[in-house]
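Worksheet: one structure, shown below.
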Amino acid sequence: MNENKTSNQMWGGRFASGPAAIMEAINASISFDKKLYAQDIRGSIAHSEMLAETGIISREDQEQIAHGLNTILSEIESGKFEFSAQLEDIHMNIEARLAELIGPAAGRLHTARSRNDQVAVDFRLWVKEELQRTDAALVALIEAFLAKAEAHAATVMPGFTHLQTAQPVTFGHHCMAYVEMFARDLSRVRDAIERMDESPLGAAALAGTGFPIDRHMTAKALGFREPSRNSIDSVSDRDFALEFMSLAAICATHLSRLAEEIVIWSTPQFGFIRLSDQFSTGSSIMPQKKNPDAAELVRAKTGRVNGHLIGLLTVMKGLPLAYSKDMQEDKEAVFDAAETLDLMVAAMTGMVSDMTINEQAMKKAAGSGYSTATDLADWLVREAGMPFREAHHVTGRAVALAEQKKVSLEKLSLEDLKAIDERITDAVFGVLSVNASVKSRASFGGTAPAEVRRQIRYWRSRLKRGARR
């Protein structure tokens, strides 16, 4: 009695039956890989059709298999299917139920296939479909920014470096910076789909199969461009998952930068934007508070996505070819990162569309901090023929005088400016206002309203071309 009690305590209360219970708990993946049920059934139907077409199994068996798999699909989607941890994973759960439904014919489904290539194709299909959803979500976010940029192409605001007022820009131009950023994310998504668009089904355990299978047929049936070309790499590759995690982490980082700006802009000290109650919460004790919680949560969730990337990189580090059980740890990270990123992009799209812009506060702030000082220096170079370094020095003296008088640069008198340098004329006042400043910066990709509108037209056209592809 005492020996048994001691033995059981070694394994802990949760694992009362000892090593077997621990092995079942660590080995089973059904709690999370059941998310692959649709891909698993789709892959199995395609595999069975190929087996029948090549004469490896009978058409009668294939029809029974397909009917049984579609029945299982209905059971899972209606919530009637009972998943078992003892059957380890989604593949064995479905195969066991198929045997119950159609009998011995179910055993023919696994001909010329291994769980190694089966999970590889299921997971690859899932990631590909998730990337297609991410593509659509990013397009919606970019379109929300384009709409905001168009409405505020001429709305003046301060541009910052080091979070210090630098030069006047327009809010439309600032929005277009995020269009560029998220368009790069979109490009990475599309590149990743192109790179992973190969079917590993038919690679079997690691060496291929002696059966006369048609891998091109199953690749086409599953929507892949072509079958993968090396059976060892086919079952050991998780680059597609790593690449998804990488682009998710980069996109989440971009979202966190936007989230931080929304948090800053919505403070009373800035007052640049206002979020509606849909994306804000109040304080439990301070009735005046309106907190940008949605933006703060987007900012925080970036750490979660980044952590999953590091986790999966570490899982794959040093793994010998071909398949190792370590790779079972790939799915939870990807599933959670995908769900998190979906939510982050949706929340940010809502906030961008929903936010109200305080144009007056932006314009007032745009003129603070002597933000048109560079315009004065540029004018001195263009009109007075000064070397830029001399113009920089003269401008610095003008800023010091304005600080002393507690006025903006454009409020200095011509006499004040001439006292600093005789070459300054009254024409300089044409560049010292924030509106004149932004209008003058019409270089390609600049903040001038006309240039902002040109870039908006370009991106709308590019999105349409992408949609047609």
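Report the full-extension gain for the segment residue 229 to residue 151: residue separation times 0.36 nm, less the Cα-Cα distance, to one decimal in nm.
Stretched out fully, the residue 229 to residue 151 stretch lengthens by 23.0 nm.
Using 1/(1 + (r/R0)^6) with R0 = 60 angstrom and r between the beta carbons of residue 442 and residue 326, what's the FRET efficiency to the nearest 0.05?
The formula returns an efficiency of 0.60 here.
So, in Å, what gap is there between the alpha-carbon centers of region 181-260 and region 16-84?
One Cα centre to the other: 22 Å.
What does the extension gain come out to for residue 257 and residue 162, with contour length at 0.36 nm per residue minus their alpha carbon separation?
Gain in length upon complete extension: 32.8 nm.
Mind checking the full-extension length gain between residue 194 and residue 140? Use 0.36 nm per residue of separation minus the Cα-Cα distance, one decimal, nm.
The residue 194-residue 140 span can extend by a further 17.3 nm.
If the viscosity is 1.306 mPa s and the temperature 10 °C, what translational diffusion coefficient in µm²/s does Stokes-Einstein give for region 350-469 when Rh comes from Kirkwood over Cα pairs?
The diffusion coefficient I find is 96 µm²/s.
Indicate the helices, whole DSSP H runs only, in the chain that combine a mean Kyte-Doolittle hydropathy of 0.5 or more with a Cα extent along their long axis of 27 angstrom or more.
Result, helices passing both filters: 239-265.
Could you estimate the translational diffusion coefficient of region 121-184 from the Stokes-Einstein equation, with Rh from the Kirkwood formula over C-alpha pairs, at 37 °C and 0.692 mPa s, in whole µm²/s?
242 µm²/s
What are the semi-axes of the equivalent ellipsoid of the chain, taken as the square roots of 5 times the eigenvalues of the Cα gyration tensor, listed largest first and rounded to whole Å?
So the equivalent ellipsoid measures 61, 26, 19 Å along its semi-axes.
Could you compute how fast region 164-274 diffuses translationally, taking Rh as the Kirkwood radius over C-alpha pairs and applying Stokes-Einstein at 37 °C with viscosity 0.692 mPa s? Give it in µm² per second.
186 µm²/s
Which far-off residues, 5 or more places away or on another chain, put their amide H under 5 Å from the one on residue 109, with H placed in the peptide plane?
Answer set, sorted by chain and number: none.
Can you work out the base-10 log of I(q)/I(0) for region 161-209 at q = 0.23, 0.28 1/Å, using the Debye formula on its C-alpha atoms alone?
Treating every Cα as an identical point scatterer, log10 I(q)/I(0) equals -0.89, -1.01.
List, largest first, the extents of the alpha carbons of region 51-97 along their principal axes, each in whole Å.
Result, largest extent first: 34, 22, 10 Å.
Please report the accessible area of residue 378 (heavy atoms, 1.4 Å probe, ligands and nucleic acids excluded) in Å², nearest 10.
40 Å²
Checking the table 301/331; 148/464; 290/406; 220/464 against a 30 Å threshold on Cα-Cα, which pairs fail?
Where the Cα-Cα span goes over 30 Å, the pairs concerned are 290/406.
The values are calculated or read from the model by the stated rules, or taken from the named source; none is laboratory data. This is a predicted model, so every value here is computed, not measured. Neighbour counts run over all protein chains shown; Cβ positions are idealised from the backbone, glycine included. Surface accessibility is based on the protein's heavy atoms, side chains included, excluding ligands, DNA and RNA. Shrake-Rupley method; radii C 1.70, N 1.55, O 1.52, S 1.80 Å.
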